[in-house]
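First comes the structure, then the notes that go with it.
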Amino acid sequence: MTSFIIRRLFQGIVVLFVVTILVFLMMHVLPGDPLRTILGPDYVNYSQEELDEIRQNRGLDKDVFSQYFDWIGGVFKGDLGVTITEGESVATQIGDKLPITLTLGALALIVSATFGLTFGVIAAIRRNKWPDYLVSVGANLGITVPNFWLAIVLLYIFGLKLGWVSIIYGYDFDQPLKQLVLPVLCMSLFGIAAQTRQSRSSMLEVAQQDYIRTAWSKGLKERTVVARHLVKNGFIPVVTTMGMQVSFMFGGAIFIEHVFNVNGIGGMLAAGIQNSDYPAVQGAILVIATVVVLTNLIVDISYAWLDPRIRESYR
């Protein structure tokens with residue numbers, strides 16, 4: 001088991017290294033001059049010599065490879081650079097914004113796992129009955145509805161028309177918790193639908209096993225069969241879906257946080273892309289990739305905890 005964890009950690013480090021290269025190169029091939037973002041309208045008032053001096057001070061006069069090695073060297077020292085637009089430490093900004101995004105993501109993951117697993121189990125044990133049909137239709141709708149479109153619709157209804165939430169001030173830790181409801185709902189919708197479909201299929205497959213038939217033949221109560229046998233043994237594929245959700249949630253956070261004006265890392269990433277702020281984008285994506293890699297590692301380890309047969313294969 002230890003060797004498996006070490007091997008997966010090494011693979012995760014390789015993935016992160018590749019991510020840093022791809023993100024760095026993609027950011028530097030985008031059109032636009034970062035100095036125009038730094039200087040704003042005053043850009044035209046600077047002479048070429050002054051612009052060259054600013055580029056040199058910012059390290060923008062070096063070739064792409066030199067800039068990459070300077071940046072990755074700083075990463076190993078805990079220095080993610082300085083934002084181009086604000087001149088602030090990228091690590092400091094991420095430290096302020098990441099907890100907000102993690103809060104949204106954790107709540108969305110809990111909501112999607114709770115409702116998705118519940119709906120999936122209900123659909124499985126009531127197969128080909130009206131609860132199954134209702135849950136299946138709802139799950140299919142949830143899969144197809146874009147979360148950014150849903151965010152705009154919900155903000156229009158509950159923010160502009162009903163006035164239940166603010167459409168000007170987004171969520172920060174100093175804002176009311178009710179500002180969290182709509183972002184969490186939008187981020188968890190796809191997860192609820194995916195978990196419902198996956199858990200339903202998994203439970204139906206497990207329900208065909210001999211030990212489930214034996215449990216029913218012994219006259220055990222439905223609650224006992226579902227809780228002790230059906231859910232536990234059908235939960236492993238659901239864990240995989242939960243791990244994949246983390247990637248989708250962080251990707252969707254860019255749009256959701258932008259729509260709801262949430263002061264998280266997704267909003268930071270969107271602003272960085274819009275302003276060609278290389279250090280901000282590189283640092284934000286590196287942190288997001290790290291969270292996703294660690295989540296996948298936790299999912300792999302959880303397999304062994306859920307199924308002893310898998311734990312034996314790791315030895």
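What list do you get for SER3, SER276, SER199 if you sort them by fewest beta carbons within 10 Å? It would help to have the intermediate numbers written out before the result.
Numbers: SER3 9, SER276 21, SER199 27.
Arranged by neighbour count, lowest to highest, SER3, SER276, SER199 become SER3, SER276, SER199.
Based only on other Cβ atoms within 10 Å, what is the fewest-to-most ordering of ILE122, ILE13? Spell out each step's value before the answer.
Values: ILE122 19, ILE13 12.
So the ranking, lowest neighbour count to highest, is ILE13, ILE122.
Give the order of PHE10, PHE76 when sorted by the count of other beta carbons within 10 angstrom, beginning with the fewest. Show your work: numbers first, answer last.
Working: PHE10 10, PHE76 7.
Arranged by neighbour count, lowest to highest, PHE10, PHE76 become PHE76, PHE10.
Provide the per-residue ³J(HN,Hα) series for segment 278-295, in order, calculated from phi with Karplus coefficients 6.51, -1.76, 1.60 and θ = phi - 60°, each as a whole number of Hz, with x at glycine and proline positions.
In residue order, the calculated couplings are 4, x, 5, 5, 4, x, 5, 5, 4, 5, 4, 4, 5, 4, 5, 4, 5, 5 Hz.
For segment 42-169, build the charge dipole from Cβ charges (+1 Lys, Arg; -1 Asp, Glu) around the Cα centre, then report which of ASN45, LEU102, VAL145 sits farthest towards its positive end.
Result: VAL145, furthest along the dipole toward the positive end.
Treating only the Cβ of Lys, Arg, Asp and Glu as charged (+1, +1, -1, -1), what charge dipole size does segment 60-116 show about its Cα centre? Round to the nearest 20 debye.
Numbers: 3 positive and 7 negative charges, 59 e Å.
With Lys and Arg at +1 and Asp and Glu at -1, about 280 debye.
Taking θ = phi - 60°, what integer Hz values does the Karplus form 6.51 cos²θ - 1.76 cosθ + 1.60 yield along segment 97-111, in sequence order, with x for Gly and Pro?
After applying 6.51 cos²θ - 1.76 cosθ + 1.60, I find 9, 4, x, 5, 5, 5, 5, 4, x, 5, 5, 5, 5, 5, 5 Hz.
Calculate one ³J(HN,Hα) per residue across segment 68-78 by plugging θ = phi - 60° into the Karplus curve 6.51 cos²θ - 1.76 cosθ + 1.60, and present them in order as whole Hz with x for glycine and proline.
5, 5, 5, 5, 5, x, x, 4, 5, 9, x
May I ask for the distance between the Cα centers of segment 69-130 and segment 252-269, given as a whole number of Å?
11 Å
Each value in this text was obtained by applying a stated rule to the coordinates, not by laboratory testing. It should be emphasised that the depicted structure is a prediction, and the values quoted were computed from it without experimental measurement. All Cβ positions, glycine included, derive from the backbone under ideal geometry; neighbour counts span all protein chains shown.
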